Amino acid sequence: MIIKLKTVLDADPMPVDKALQLIDLLDEHQIHGLMYVDDAMLYEHPTGHVVRTSRWAQTLPPEQRPTFTQVSSLAQAARDVNAVWKFALTDEDIPRLQWFGQHVEQALGLECEWSWHDQVDIARKGNSKGKRLTQWIEAQGGSMKNVIAFGDNYNDISIAGGGRHRRCDGQRR
């Protein structure tokens, strides 16, 4: 997904059937997911991760704040929205989360990218920040060798991968 001035310029969302299959697996394994859709993040249960992140969001200027919405059913929401971009999953049991990510990749053909030591993002295979940044730079007539990229999470490594200069601190604030 590439967004400029809150308009999606290019996108490759997760097919609804894959999102529904993933939601079934989340329910079966009792793992809570944050579903990124259209222009919001949806959740069923206010986990510690959701509460912390939504509190942090309130510190941002209103025009930059992400929207967090509690829904009664992620499955119904997945059917109702225009696009499901990804899921962010957290769990205190890291080996269980690692196993679940591998299971999802094998069973559903989706791709997992760790965004923090206890959070894994699940999206359509091939979707990454780095891929979208490269697409956008090349569409502007540029080259990644002229890009200086910064990131603060594990999943930002892909944006820095093709740039000439890169910095990923691995610290989330």
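The values are calculated or read from the model by the stated rules, or taken from the named source; none is laboratory data. Bear in mind that the values here come from a model prediction, so they are computed numbers and not experimental data. Cβ placement follows ideal geometry from the backbone for every residue including glycine, while neighbour counts extend to all protein chains displayed.
Considering every residue within the stretch 47-58, establish whether at least one is modelled with pLDDT of 95 or more and assigned to a loop (DSSP other than H, G, I, E, B).
There is no residue in the stretch 47-58 that is modelled with pLDDT of 95 or more and assigned to a loop (DSSP other than H, G, I, E, B).
Checking W136 against (1) modelled with pLDDT of 90 or more; (2) touching an Asp or Glu at 6+ places or on another chain (Cβ under 8 Å); (3) not assigned by TED's automatic domain parsing to the domain that holds Q21, only one condition comes out false. Which one?
With (1) modelled with pLDDT of 90 or more; (2) touching an Asp or Glu at 6+ places or on another chain (Cβ under 8 Å); (3) not assigned by TED's automatic domain parsing to the domain that holds Q21 applied to W136, the lone miss is (1).
Answer yes or no as to whether S73 is within 23 Å of M14 (Cβ to Cβ), surrounded by 12 or more Cβ atoms within 10 Å (Cβ to Cβ), at pLDDT below 95 and of a type in the set (S, T, N, Q).
No; evaluated as a whole, the condition is false for this residue.
Answer yes or no as to whether V120 is in the same structural domain as T69 (by TED's automatic domain parsing) and farther than 18 Å from H49 by Cα.
no
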